[in-house]
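The values are calculated or read from the model by the stated rules, or taken from the named source; none is laboratory data. Everything quoted here is computed from the prediction, not taken from an experiment. Don't worry about glycine lacking a Cβ; one is built from the backbone with ideal geometry, like all the others, and counts go over all protein chains shown.
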Amino acid sequence: MRGMRSTVTRGMRGIVGGGVLTLSLATAAGAAVPLGPTTIADLVDKAAPAVVNLDTVKRQRNPMRDLDAFFHGYPGTGRGLPSFFEQRGVGSGFVIDSAGLIVTNYHVTKGVSAITVTFPDGRSFQGKVIGQDPGTDLALVSIQAKGLPTLKFADPRAVRVGEWVVAIGSPLGLSTTVTAGIVSALKRSVAISERVEFLQTDAPINPGNSGGPLLNLKGEVIGINTAIAARAQGIGFAIPAETARFVVSELREKGKVERPWMGLFIQVEEAGLRVHEVSPGGPASRAGIQPGDVILELEGKKVSEAADVTRALGDRRVGDKVRLAVSRQGRRQQLILVLGAMPPEVQEPRSEASGRPDADPEDE
(Lines give C-alpha, C1' and ligand atoms only; values in the text may rest on other atoms or scores of the structure.)
Protein backbone atom coordinates (compact mmCIF):
# COMPACT_ATOMS: atom_id res chain seq x y z
CA MET A 1 0.00 0.00 0.00
CA ARG A 2 3.04 2.27 -0.28
CA GLY A 3 2.46 5.57 -2.09
CA MET A 4 -1.19 5.80 -1.02
CA ARG A 5 -0.47 7.52 2.31
CA SER A 6 -3.08 5.25 3.87
CA THR A 7 -3.53 4.36 7.47
CA VAL A 8 -3.35 0.67 8.31
CA THR A 9 -5.38 -0.36 11.31
CA ARG A 10 -6.43 -3.67 12.77
CA GLY A 11 -10.09 -4.19 13.40
CA MET A 12 -11.50 -6.31 16.22
CA ARG A 13 -11.00 -9.34 13.95
CA GLY A 14 -7.71 -8.09 12.52
CA ILE A 15 -5.32 -10.43 14.27
CA VAL A 16 -2.31 -11.11 12.08
CA GLY A 17 -1.82 -14.81 11.50
CA GLY A 18 -5.33 -15.82 12.40
CA GLY A 19 -8.00 -13.32 11.47
CA VAL A 20 -8.69 -10.74 8.77
CA LEU A 21 -6.47 -7.69 8.44
CA THR A 22 -8.65 -4.66 7.78
CA LEU A 23 -7.20 -1.69 5.92
CA SER A 24 -8.63 1.75 6.59
CA LEU A 25 -8.00 4.50 4.06
CA ALA A 26 -7.91 7.88 5.76
CA THR A 27 -9.81 10.57 3.87
CA ALA A 28 -8.85 14.22 3.74
CA ALA A 29 -11.52 14.93 6.34
CA GLY A 30 -9.88 12.44 8.70
CA ALA A 31 -12.62 9.80 8.60
CA ALA A 32 -11.43 6.27 7.81
CA VAL A 33 -13.14 4.12 5.20
CA PRO A 34 -12.52 0.43 5.97
CA LEU A 35 -11.31 -1.63 3.02
CA GLY A 36 -12.10 -5.27 3.59
CA PRO A 37 -13.02 -8.31 1.49
CA THR A 38 -16.63 -7.14 1.01
CA THR A 39 -16.15 -3.36 0.94
CA ILE A 40 -16.66 -3.00 -2.80
CA ALA A 41 -19.48 -5.56 -2.86
CA ASP A 42 -21.27 -3.63 -0.10
CA LEU A 43 -20.74 -0.39 -2.00
CA VAL A 44 -22.23 -1.91 -5.15
CA ASP A 45 -25.29 -3.13 -3.24
CA LYS A 46 -25.82 0.43 -2.09
CA ALA A 47 -25.00 2.38 -5.27
CA ALA A 48 -25.90 0.15 -8.22
CA PRO A 49 -29.71 0.55 -7.93
CA ALA A 50 -29.27 4.23 -8.87
CA VAL A 51 -27.14 3.51 -11.98
CA VAL A 52 -29.10 3.15 -15.20
CA ASN A 53 -28.63 1.85 -18.73
CA LEU A 54 -29.52 4.24 -21.55
CA ASP A 55 -30.58 2.79 -24.90
CA THR A 56 -30.69 5.53 -27.50
CA VAL A 57 -32.07 5.87 -31.02
CA LYS A 58 -30.87 8.44 -33.54
CA ARG A 59 -32.89 9.02 -36.70
CA GLN A 60 -30.54 9.82 -39.55
CA ARG A 61 -31.02 10.50 -43.23
CA ASN A 62 -30.20 7.56 -45.50
CA PRO A 63 -27.48 8.81 -47.91
CA MET A 64 -28.21 5.94 -50.32
CA ARG A 65 -31.68 7.34 -50.83
CA ASP A 66 -30.18 10.16 -52.90
CA LEU A 67 -29.21 7.59 -55.53
CA ASP A 68 -32.89 7.08 -56.20
CA ALA A 69 -33.17 10.49 -57.85
CA PHE A 70 -29.91 10.15 -59.78
CA PHE A 71 -30.65 6.68 -61.13
CA HIS A 72 -34.39 7.12 -61.35
CA GLY A 73 -35.98 4.38 -63.36
CA TYR A 74 -33.21 1.80 -62.95
CA PRO A 75 -34.26 -1.11 -60.74
CA GLY A 76 -32.12 -1.99 -57.73
CA THR A 77 -30.37 1.37 -57.52
CA GLY A 78 -32.02 2.90 -54.52
CA ARG A 79 -35.72 2.92 -55.31
CA GLY A 80 -37.74 1.78 -52.36
CA LEU A 81 -35.00 2.53 -49.83
CA PRO A 82 -36.19 4.29 -46.67
CA SER A 83 -35.47 8.01 -46.41
CA PHE A 84 -34.16 7.60 -42.87
CA PHE A 85 -32.57 4.87 -40.79
CA GLU A 86 -32.17 4.38 -37.06
CA GLN A 87 -28.81 4.23 -35.34
CA ARG A 88 -28.89 2.60 -31.92
CA GLY A 89 -26.47 3.25 -29.08
CA VAL A 90 -25.96 2.55 -25.41
CA GLY A 91 -24.68 4.60 -22.51
CA SER A 92 -24.91 4.90 -18.76
CA GLY A 93 -26.22 7.39 -16.24
CA PHE A 94 -27.18 7.79 -12.60
CA VAL A 95 -30.10 9.26 -10.66
CA ILE A 96 -29.48 12.43 -8.66
CA ASP A 97 -33.10 13.22 -7.75
CA SER A 98 -35.69 10.70 -6.61
CA ALA A 99 -38.26 12.43 -8.85
CA GLY A 100 -36.42 11.16 -11.94
CA LEU A 101 -33.43 13.32 -12.86
CA ILE A 102 -30.51 11.46 -14.42
CA VAL A 103 -26.99 12.66 -15.22
CA THR A 104 -25.19 11.34 -18.29
CA ASN A 105 -22.85 12.51 -21.06
CA TYR A 106 -23.82 14.95 -23.79
CA HIS A 107 -22.34 12.68 -26.45
CA VAL A 108 -24.70 9.92 -25.30
CA THR A 109 -27.77 12.13 -25.84
CA LYS A 110 -26.65 14.23 -28.79
CA GLY A 111 -29.19 14.13 -31.60
CA VAL A 112 -31.22 11.26 -30.17
CA SER A 113 -34.89 10.83 -31.03
CA ALA A 114 -35.63 8.36 -28.23
CA ILE A 115 -34.07 7.26 -24.93
CA THR A 116 -35.05 4.20 -22.91
CA VAL A 117 -33.87 4.27 -19.31
CA THR A 118 -33.57 0.85 -17.68
CA PHE A 119 -32.86 0.19 -13.99
CA PRO A 120 -31.04 -2.86 -12.61
CA ASP A 121 -34.36 -4.21 -11.31
CA GLY A 122 -35.71 -4.31 -14.87
CA ARG A 123 -37.97 -1.27 -14.77
CA SER A 124 -37.88 0.83 -17.95
CA PHE A 125 -38.95 4.40 -18.64
CA GLN A 126 -38.94 6.71 -21.61
CA GLY A 127 -36.45 9.50 -21.04
CA LYS A 128 -36.51 13.13 -22.13
CA VAL A 129 -33.42 15.31 -22.53
CA ILE A 130 -34.02 18.48 -20.53
CA GLY A 131 -30.56 20.00 -20.68
CA GLN A 132 -27.24 19.60 -22.49
CA ASP A 133 -23.83 21.20 -22.15
CA PRO A 134 -21.50 20.39 -25.05
CA GLY A 135 -18.66 22.30 -23.39
CA THR A 136 -18.32 19.82 -20.54
CA ASP A 137 -19.99 16.84 -22.27
CA LEU A 138 -22.77 16.62 -19.69
CA ALA A 139 -26.52 16.18 -20.08
CA LEU A 140 -29.59 15.84 -17.90
CA VAL A 141 -32.39 13.38 -18.65
CA SER A 142 -35.74 13.21 -16.94
CA ILE A 143 -38.18 10.31 -16.48
CA GLN A 144 -41.67 10.15 -14.99
CA ALA A 145 -41.05 8.34 -11.71
CA LYS A 146 -40.99 8.85 -7.96
CA GLY A 147 -39.12 7.42 -5.00
CA LEU A 148 -36.04 6.43 -7.01
CA PRO A 149 -32.70 5.55 -5.40
CA THR A 150 -30.14 8.34 -5.81
CA LEU A 151 -26.43 9.05 -5.67
CA LYS A 152 -24.84 12.23 -4.35
CA PHE A 153 -21.71 14.07 -5.36
CA ALA A 154 -18.64 13.81 -3.15
CA ASP A 155 -16.77 16.73 -1.63
CA PRO A 156 -14.22 17.47 -4.39
CA ARG A 157 -11.69 18.65 -1.80
CA ALA A 158 -11.50 15.12 -0.38
CA VAL A 159 -10.49 13.40 -3.64
CA ARG A 160 -6.89 12.17 -3.50
CA VAL A 161 -4.52 10.52 -5.92
CA GLY A 162 -4.19 6.86 -5.02
CA GLU A 163 -7.60 6.39 -3.41
CA TRP A 164 -9.70 3.43 -4.47
CA VAL A 165 -12.58 4.06 -6.88
CA VAL A 166 -15.34 1.99 -8.46
CA ALA A 167 -16.95 2.47 -11.88
CA ILE A 168 -20.46 1.19 -12.57
CA GLY A 169 -22.08 1.26 -15.99
CA SER A 170 -23.06 -0.57 -19.16
CA PRO A 171 -19.90 -1.24 -21.19
CA LEU A 172 -20.88 -2.75 -24.55
CA GLY A 173 -24.45 -2.85 -23.25
CA LEU A 174 -23.58 -5.16 -20.33
CA SER A 175 -25.63 -3.38 -17.70
CA THR A 176 -24.49 -2.96 -14.09
CA THR A 177 -20.91 -3.92 -14.80
CA VAL A 178 -18.55 -3.08 -11.93
CA THR A 179 -14.82 -2.34 -12.23
CA ALA A 180 -12.38 -0.96 -9.68
CA GLY A 181 -9.09 0.91 -9.61
CA ILE A 182 -7.58 4.06 -8.18
CA VAL A 183 -7.47 7.76 -8.89
CA SER A 184 -4.34 8.00 -11.05
CA ALA A 185 -4.13 11.79 -11.32
CA LEU A 186 -6.08 15.01 -10.85
CA LYS A 187 -6.58 18.07 -13.07
CA ARG A 188 -5.66 16.42 -16.35
CA SER A 189 -5.96 18.49 -19.55
CA VAL A 190 -7.45 16.33 -22.30
CA ALA A 191 -8.08 17.21 -25.93
CA ILE A 192 -11.85 16.75 -25.82
CA SER A 193 -12.46 19.80 -23.62
CA GLU A 194 -10.49 22.85 -22.53
CA ARG A 195 -13.18 23.61 -19.96
CA VAL A 196 -12.69 20.50 -17.83
CA GLU A 197 -9.75 19.41 -15.72
CA PHE A 198 -10.37 15.67 -15.71
CA LEU A 199 -9.80 12.98 -13.12
CA GLN A 200 -7.63 10.16 -14.45
CA THR A 201 -8.31 6.60 -13.35
CA ASP A 202 -7.09 3.10 -14.13
CA ALA A 203 -10.49 1.57 -13.32
CA PRO A 204 -11.41 -0.21 -16.60
CA ILE A 205 -13.73 1.96 -18.69
CA ASN A 206 -15.13 0.81 -22.03
CA PRO A 207 -17.61 1.98 -24.68
CA GLY A 208 -21.00 2.17 -23.00
CA ASN A 209 -19.60 3.34 -19.65
CA SER A 210 -20.11 6.92 -20.80
CA GLY A 211 -22.17 8.88 -18.29
CA GLY A 212 -21.80 6.34 -15.50
CA PRO A 213 -20.47 7.25 -12.04
CA LEU A 214 -16.95 6.95 -10.70
CA LEU A 215 -17.45 6.35 -6.99
CA ASN A 216 -15.33 6.59 -3.86
CA LEU A 217 -15.57 3.90 -1.20
CA LYS A 218 -18.39 5.82 0.49
CA GLY A 219 -20.51 5.37 -2.63
CA GLU A 220 -20.31 9.07 -3.52
CA VAL A 221 -19.81 10.28 -7.08
CA ILE A 222 -16.35 11.79 -7.57
CA GLY A 223 -16.63 11.87 -11.37
CA ILE A 224 -18.62 11.00 -14.49
CA ASN A 225 -16.86 8.50 -16.75
CA THR A 226 -16.39 10.13 -20.13
CA ALA A 227 -13.32 9.19 -22.16
CA ILE A 228 -10.51 6.71 -22.66
CA ALA A 229 -7.03 7.20 -24.08
CA ALA A 230 -7.20 5.94 -27.64
CA ARG A 231 -3.79 4.28 -27.74
CA ALA A 232 -3.35 3.07 -24.18
CA GLN A 233 -4.73 0.69 -21.58
CA GLY A 234 -5.78 1.62 -18.08
CA ILE A 235 -6.11 5.34 -18.80
CA GLY A 236 -9.61 6.68 -18.43
CA PHE A 237 -10.95 10.14 -17.72
CA ALA A 238 -13.90 11.36 -15.67
CA ILE A 239 -15.50 14.79 -15.32
CA PRO A 240 -14.90 15.80 -11.68
CA ALA A 241 -17.78 16.24 -9.26
CA GLU A 242 -17.02 19.93 -8.78
CA THR A 243 -17.60 20.65 -12.48
CA ALA A 244 -20.60 18.32 -12.70
CA ARG A 245 -22.35 19.84 -9.69
CA PHE A 246 -22.21 23.35 -11.19
CA VAL A 247 -23.26 22.25 -14.68
CA VAL A 248 -26.13 20.07 -13.43
CA SER A 249 -27.44 22.98 -11.37
CA GLU A 250 -27.43 25.20 -14.47
CA LEU A 251 -29.10 22.53 -16.60
CA ARG A 252 -31.86 22.01 -14.03
CA GLU A 253 -32.56 25.73 -13.92
CA LYS A 254 -32.01 26.84 -17.53
CA GLY A 255 -31.54 23.73 -19.68
CA LYS A 256 -28.13 25.02 -20.76
CA VAL A 257 -24.96 26.63 -19.49
CA GLU A 258 -24.50 30.18 -20.70
CA ARG A 259 -20.78 30.79 -21.09
CA PRO A 260 -18.98 34.06 -21.82
CA TRP A 261 -17.38 34.31 -25.25
CA MET A 262 -14.72 36.59 -26.69
CA GLY A 263 -15.46 35.79 -30.32
CA LEU A 264 -11.98 35.03 -31.54
CA PHE A 265 -9.79 32.06 -32.45
CA ILE A 266 -6.16 31.98 -31.38
CA GLN A 267 -2.96 30.14 -32.19
CA VAL A 268 -0.29 29.48 -29.59
CA GLU A 269 3.04 30.87 -30.81
CA GLU A 270 6.35 31.67 -29.19
CA ALA A 271 5.39 35.34 -29.15
CA GLY A 272 2.15 34.56 -27.32
CA LEU A 273 -1.48 33.98 -28.24
CA ARG A 274 -1.88 35.24 -31.79
CA VAL A 275 -5.39 36.04 -32.99
CA HIS A 276 -6.00 33.85 -36.02
CA GLU A 277 -9.60 34.80 -36.73
CA VAL A 278 -12.20 37.22 -35.38
CA SER A 279 -15.89 36.34 -35.55
CA PRO A 280 -17.70 39.01 -37.60
CA GLY A 281 -19.84 41.19 -35.36
CA GLY A 282 -18.69 39.30 -32.25
CA PRO A 283 -17.34 40.72 -28.97
CA ALA A 284 -13.69 40.83 -30.15
CA SER A 285 -14.66 42.54 -33.39
CA ARG A 286 -16.63 45.19 -31.50
CA ALA A 287 -13.66 45.72 -29.16
CA GLY A 288 -11.37 46.45 -32.11
CA ILE A 289 -9.29 43.27 -32.00
CA GLN A 290 -7.83 42.30 -35.36
CA PRO A 291 -6.36 39.12 -36.85
CA GLY A 292 -2.62 39.12 -36.20
CA ASP A 293 -2.88 40.79 -32.80
CA VAL A 294 -0.98 38.99 -30.03
CA ILE A 295 -2.79 38.77 -26.69
CA LEU A 296 -0.30 39.45 -23.90
CA GLU A 297 -2.46 39.90 -20.82
CA LEU A 298 -6.03 39.35 -19.69
CA GLU A 299 -7.20 41.33 -16.68
CA GLY A 300 -3.60 42.19 -15.88
CA LYS A 301 -2.37 38.58 -15.93
CA LYS A 302 -0.01 37.21 -18.56
CA VAL A 303 -1.46 34.49 -20.83
CA SER A 304 0.61 32.03 -22.85
CA GLU A 305 -1.82 29.16 -23.50
CA ALA A 306 -5.42 28.92 -24.65
CA ALA A 307 -6.27 27.27 -21.33
CA ASP A 308 -5.11 30.45 -19.53
CA VAL A 309 -7.86 32.38 -21.29
CA THR A 310 -10.48 29.71 -20.55
CA ARG A 311 -9.60 29.69 -16.86
CA ALA A 312 -9.52 33.48 -16.68
CA LEU A 313 -13.09 33.61 -17.98
CA GLY A 314 -14.29 30.82 -15.69
CA ASP A 315 -16.01 33.09 -13.18
CA ARG A 316 -17.06 35.74 -15.67
CA ARG A 317 -20.57 36.23 -16.96
CA VAL A 318 -22.08 37.39 -20.22
CA GLY A 319 -21.99 41.19 -20.30
CA ASP A 320 -18.89 41.52 -18.10
CA LYS A 321 -16.07 43.74 -19.31
CA VAL A 322 -12.49 42.43 -19.48
CA ARG A 323 -9.23 44.30 -20.04
CA LEU A 324 -6.86 43.03 -22.71
CA ALA A 325 -3.29 43.97 -23.46
CA VAL A 326 -2.39 43.18 -27.06
CA SER A 327 0.60 43.71 -29.29
CA ARG A 328 -0.16 45.00 -32.79
CA GLN A 329 2.77 45.29 -35.14
CA GLY A 330 5.07 45.58 -32.13
CA ARG A 331 3.04 48.27 -30.35
CA ARG A 332 1.27 47.52 -27.08
CA GLN A 333 -2.40 48.48 -26.83
CA GLN A 334 -5.05 48.29 -24.11
CA LEU A 335 -8.56 47.24 -25.15
CA ILE A 336 -11.86 46.68 -23.34
CA LEU A 337 -14.01 43.73 -24.46
CA VAL A 338 -17.60 43.08 -23.44
CA LEU A 339 -18.19 39.32 -23.22
CA GLY A 340 -20.99 37.83 -25.31
CA ALA A 341 -22.84 34.50 -25.06
CA MET A 342 -21.00 31.56 -26.57
CA PRO A 343 -22.85 29.99 -29.53
CA PRO A 344 -23.71 26.28 -29.10
CA GLU A 345 -21.59 25.17 -32.05
CA VAL A 346 -18.47 26.67 -30.47
CA GLN A 347 -19.00 24.60 -27.33
CA GLU A 348 -18.94 21.24 -29.13
CA PRO A 349 -16.37 18.80 -27.65
CA ARG A 350 -13.28 18.20 -29.76
CA SER A 351 -11.57 14.88 -30.49
CA GLU A 352 -8.07 16.24 -31.04
CA ALA A 353 -5.92 19.15 -29.96
CA SER A 354 -2.27 19.89 -30.46
CA GLY A 355 -0.07 19.32 -27.44
CA ARG A 356 -2.74 17.57 -25.40
CA PRO A 357 -3.18 13.87 -24.55
CA ASP A 358 -5.33 12.15 -27.13
CA ALA A 359 -8.59 10.85 -25.75
CA ASP A 360 -11.77 9.63 -27.37
CA PRO A 361 -15.24 9.97 -25.86
CA GLU A 362 -16.52 6.44 -25.38
CA ASP A 363 -18.92 5.31 -28.06
CA GLU A 364 -22.49 5.28 -26.91
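Counting only strands (runs of 3 or more DSSP E) wholly contained in region 191-281, the ones carrying 3 or more residues that are touching a strand residue (DSSP E or B) at 6+ places or on another chain (Cβ under 7 Å), at pLDDT below 95 and over 15 Å from Pro134 (Cβ atoms) occupy 264-269, 272-278. Figure legend. Inter-residue proximity from region 289-318: first residues without any contact (Cβ under 8 Å) to a residue 40 or more places away in the chain and farther than 16 Å from Ile336 by Cα, second residues of a type outside the set (D, E, K, R) and assigned to a loop (DSSP other than H, G, I, E, B), beta-carbon distance below 6 Å, spacing 6+ or different chains. No pairs are indicated.
Please state which one of Thr243, Thr201, Thr226, Thr310 is outside the structural domain of Ser184 (by TED's automatic domain parsing), among the β-branched types (Val, Ile, Thr) and under 30 Å from Ala167 (Cβ atoms). Even if it seems obvious, please write down each step before you answer.
On the way: Thr243 fails: outside the structural domain of Ser184 (by TED's automatic domain parsing); Thr201 fails: outside the structural domain of Ser184 (by TED's automatic domain parsing); Thr226 fails: outside the structural domain of Ser184 (by TED's automatic domain parsing).
After applying the criteria, what remains is Thr310.
I want to confirm something. Restricting to region 145-164 and keeping residues that are surrounded by fewer than 19 Cβ atoms within 10 Å (Cβ to Cβ) and aliphatic (A, V, I, L, M), which single residue is farthest from Arg123 (Cα to Cα)?
Applying the first criterion (surrounded by fewer than 19 Cβ atoms within 10 Å (Cβ to Cβ)) to region 145-164 yields 145-147, 149-150, 152, 155-158, 160-162.
If we keep only those that are aliphatic (A, V, I, L, M) as well, we get 145, 158, 161.
Working: Ala145: 11, Ala158: 34, Val161: 37 Å.
Applying the filter and picking the extreme gives Val161.
Checked against the criterion of being at pLDDT below 70, more than 23 Å from Gly162 (Cβ to Cβ), exposed (fewer than 13 other Cβ atoms within 10 Å of the Cβ) and not basic (Lys, Arg), region 51-65 has at least one qualifying residue.
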